[in-house]
Amino acid sequence: AQSVTQLDSQVPVFEEAPVELRCNYSSSVSVYLFWYVQYPNQGLQLLLKYLSGSTLVKGINGFEAEFNKSQTSFHLRKPSVHISDTAEYFCAVRVQGAQKLVFGQGTRLTINP
Amino acid sequence: GAGVSQTPSNKVTEKGKYVELRCDPISGHTALYWYRQSLGQGPEFLIYFQGTGAADDSGLPNDRFFAVRPEGSVSTLKIQRTERGDSAVYLCASSLVRNADTQYFGPGTRLTVL
């Protein structure tokens, strides 16, 4: 079975500072990797995804993530955050050939002015 | 265009009652998913439909939970004899088959069982 671990439940940062949200996964087979964002009182929105090819993936709102197969990680980064990035961020995996997403428990990103 | 919609947005019920939660997927999406998100947790998979049939129902916690999608569009998640532990946000998502990697989520239905 697959599992996803988001190492930080909460991450507070100052506006315009860089941020990294950590995600590690466990799977015995190849997976696709995703980051979703959930803004307050809104549904989940796809930020970016890794399917194959370049291990550095760029998404919306200036976010990027790097797939590291040897470390089974898919950390999310942004060089300079804004107040509007305040949200809950979820890492997820999907096994190749299956449809369901397996999510981590989420990281709450709080931006302080 | 319109996204995934879910009704009701909130549902409060008493222990032991029956509830139905509805999902309207994005038009043309043949794949539909239900997830459950408990407080402070990530979403957990419940069931996946391809067209009218349930292709994977491995996430349904027990036989009190059932879902249908009779015409391959709207889906209803049905919970019998609700328990307080069923309280959660129930999320629906849909996707195209040929782009099955991107699931588009609805805003969810918050179910509270008293």
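Calculated over the protein assembly as shown, the projected area of the Cα convex hull averaged across directions stands at 12.6 nm². Would segment A:2-98 count as rounded, prolate or oblate if I go by the C-alpha gyration tensor, calling it rounded below 1.5 in a/c and otherwise prolate when a/b exceeds b/c, oblate otherwise? Cα axes put segment A:2-98 in the prolate bin.
Each Cα pair under 8 Å and six or more residues apart adds its sequence gap; the mean of these over the residue count of chain A is a relative contact order of 38 percent.
What is the packing order of peptides A:22-31, A:86-95, taking the mean over residues of other C-beta atoms within 10 Å and listing the highest first? Write out the running numbers ahead of the final one.
Details: A:22-31: 15.9, A:86-95: 22.2.
Put in order of decreasing packing, that is A:86-95, A:22-31.
Shown here are the Rg and Dmax of the Cα trace of segment A:9-56, at 13.7, 39 Å. A crude spin-label estimate for the pair B:Val97 and B:Ala2, with each label 7 Å from Cα along the Cβ direction, gives 2.3 nm. For B:Arg22, put the label point 7 Å out on the Cα→Cβ axis and report which residues of segment B:51-83 keep their amide N under 16 Å from it. B:68-79, by backbone N distance to the label point. The count of lysine pairs in the protein assembly as shown whose Cα atoms are under 24 Å apart, excluding pairs fewer than 8 places apart on the same chain, comes to 13. Working from label points 7 Å from Cα in the Cα-to-Cβ sense, the B:Asn62 to A:Ser30 distance is 4.0 nm. Legend: calculated FRET efficiency, A:Lys69 to A:Asp8, from the Cβ-Cβ distance at R0 = 30 Å, rounded to 0.05, equals 0.85. Available extension along the chain between A:Thr55 and A:Tyr39 is 3.1 nm, counting 0.36 nm per residue and deducting the alpha carbon span. The share of alpha-carbon pairs in chain B lying farther apart than 17 Å comes to 50%.
Taking only Cα atoms and a 10 Å spring cutoff, compute GNM fluctuations for chain B and point out the largest among B:Gly53, B:Gly42, B:Gly72. Top of the fluctuation ranking is B:Gly42.
Bear in mind that the values in this text are calculations on the coordinates, not laboratory data. Please read all numbers here as calculations on a predicted model, not as lab measurements. Positions of Cβ are backbone-derived with ideal geometry, glycine not excepted, and every protein chain shown enters the neighbour counts.
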